[in-house]
Every structure is written in C-alpha cells, then in structure tokens.
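Asks: This is the structure, below, for whatever I ask next.
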Amino acid sequence: MTDLGPCIQRFAEHLASERRLSPHTVSAYRRDLTQLEQFLRGRLERTVRLADVTKYSLRAWLGELAQSRTPPSIARKLSAVRGLYAFLERDARLPENPAELMATPKLRRKMPAFLGVDAAAAVMAAPAEGPGDERARARDAAILELLYGSGLRLSELCGLDLDDLDLDAAEVRVLGKGRKERIVPLGDRARQAITAYLAVRAELRHPKTGWQDGRALWLGRLGRRLGMRWVQVLVQRYGAQGAGRADLHPHALRHSCATHMLEGGADLRIIQEMLGHASLSTTQRYTHLSLDQLMRVYDRAHPLAKMPRSRGSKPQ
C-alpha cells in the first residue's frame, strides 16, 4: 500500500523538474497537500495511505477549511489534490481520482486595482520629488518605470539580471510563469531611467566588505538582490506619496499598463504577448474600457454609427 507522503514528494519533484514551475508555486502545492495529509493523520492516528483519500474524506477536509478559509483558497487546495492524483494516474499508481467529481467553490473574480493616467504619472515622478539617497531614488524610479511601462510581474522584475537587459535594442528578457522566456520592450522613459540607475549601481555595495552581487540588476544598500517584499513596500510608499494610494501593489501597475495600452489602441493579442498570458481570456480580465472610450471607438469604427437617420422614419 502506497503512503501519501512519498507521493507528495514525487509530485513536487515532478512540478519542479519536468513542469518547471517556480519554487513559490511548488512550495504552495506541497504545503496544501501536506495540510491534507496532516488532517487525515489526525483523524486516523496513523500513516496516511492513498486509499485513505476518498471523496468523503476530502469533503470532511474541505468542510473544515470552509470555517476559516475563503473560496479562492479552498479552490486552490482542491486544485492541488486534483493535480496530485492526475500525476499518479498517469504513473499508474492508483485506479481512480477521488477529487475528480468534487465541485470547485464558486469564485467571484475581483478586478485588480489600477491607476488613471494622471495618477500613474504622479507615481512615476514620486522618486525624483522625494527625499533620500540619490542612488536609491534612481533605482526606485527605474523599478517603477519597468513595472508600469513594461507590465512585468513582481517576481519577473526581482529575478532580472544585468545580462537580461539590451538597452540598445530597448528590450529585456523575462523569465515568466512556467519558466517561459519572453522578450518585453522598454519604453523611452524606462530605458532612460534604467540607464541613470546603472550609472550609480556600482556604488550599491556592502559598506564594510565592499561586496556586491555582480549578477542581479536591482541591488539594495548592502549590495544584495532586492526581494519581492521590499519592492512591494517601495510601491506602496510611492503610491501614497504620488497618488495618495498607500494600498498600491506592483500588480496594479501591471494592470494599469495593460489598461492604458488598450485605451491607446493597442491590439489585445499584443498585450497578451507582452504580459506573458497563456490565454487571451486572462488578458481580457486585465483590460477594461470606460463607457466614453467604448463609445468613441464605436463611433469611429462601426459603419452604422455614422449613418444618419432618415427624417420621419418610425420604428417598425
């Protein structure tokens, strides 16, 4: 009889080595499945086997989760179980998937927050107008320009190395979800901001040892690569300073980038490729038009919008 614990370990190794998911995603899958194992071990008071995972035990687990977890959290955990058993089915380790017929909790997808054009411009200008070290302000300005100007994910931004930049071609190589590479264009403002930051980057090193990460693009005052949490705090600070938005998140800048590109006339497929979305439906969630903008596009593009009504005509 196969124990659940080793199966979770093999599944995690499969996600990391064969599917090449990010360490963060692999850790989330492993954590969710380990929670299931711990729940069943507490009920059975022994090692959990695959045969112990049934639709009834899964319902008991999800029922307990529903007391303290949100529907999106429960849906993610159920997805992890489905993924594990789909992997085991392909490996011929069990006859059926107990999670196959489990209903996923209904989700209400919330549209991410975004900034208007003027507010986004104010956030971009905030580092130059604020106090602090010149080197840090140059770095912060470049980070903001890249998040908003190129629509990068937070993890993509923090993972950038110097070798990923091609300023002559105005491009940056990004490692996105599923470890898929893509080339993202750099706007003039982003390229200028990065150039200004690179001119002072060499000065960001450990004050005592002089050590510096020679590979990472974004460095802190001790010469180490900046982490995602630090960038989140940075965006919140400049969001409050420039636009009165202390709740601003890097993802809101990515959403604002897509929204403003669409309002400027960019094709949805181009935005999809730039953002690195596998599905066009995902891109559509990140882009929305105001009614006024929609009517302007309609008046300009639809042939019936410009046809005058004949005088005296009445509805049939």
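Asks: Between region 246-261 and region 198-221, what is the C-alpha centre distance in whole Å?
Replies: Cα centroid of region 246-261 versus Cα centroid of region 198-221: 28 Å apart.
Asks: What list do you get for Thr2, Thr34 if you sort them by fewest beta carbons within 10 Å? Present the calculation step by step, with values, prior to reporting the outcome.
Replies: Details: Thr2 12, Thr34 16.
Ordered by Cβ neighbours within 10 Å, fewest first: Thr2, Thr34.
Asks: Using Cβ counts within 10 Å as a stand-in for footprinting exposure, how do Arg19, Arg245, Arg76 rank, fewest first? Could the numbers behind the result be given before it?
Replies: Working: Arg19 13, Arg245 19, Arg76 16.
Ascending Cβ contact count within 10 Å gives the list Arg19, Arg76, Arg245.
Asks: When only Cα pairs under 8 Å and 6 or more residues apart are kept, what is the percent relative contact order across region 4-90?
Replies: Details: 42 pairs, mean separation 29.6, N = 87.
The value is 34 percent.
Asks: Additional query: Can you order the peptides 207-213, 83-89 by their average number of other Cβ atoms within 10 Å per residue, highest first? Let's see the in-between values first.
Replies: Working: 207-213: 11.4, 83-89: 18.1.
Output ranking for 207-213, 83-89: 83-89, 207-213.
Asks: Pull up the cross-link candidates among the aspartates and glutamates for Lys77, meaning alpha carbon to alpha carbon under 16 Å and not fewer than 8 places away within one chain.
Replies: Once the sequence-local aspartates and glutamates are set aside, what remains near Lys77 is Asp32, Glu37, Glu64, Glu100.
Throughout, read-outs are computed from the coordinates displayed, never taken from laboratory work. None of the values given here were measured: they were computed from a predicted structure. Using ideal geometry, Cβ is built from the backbone for each residue, glycine included, and neighbour counts are taken over all protein chains shown.
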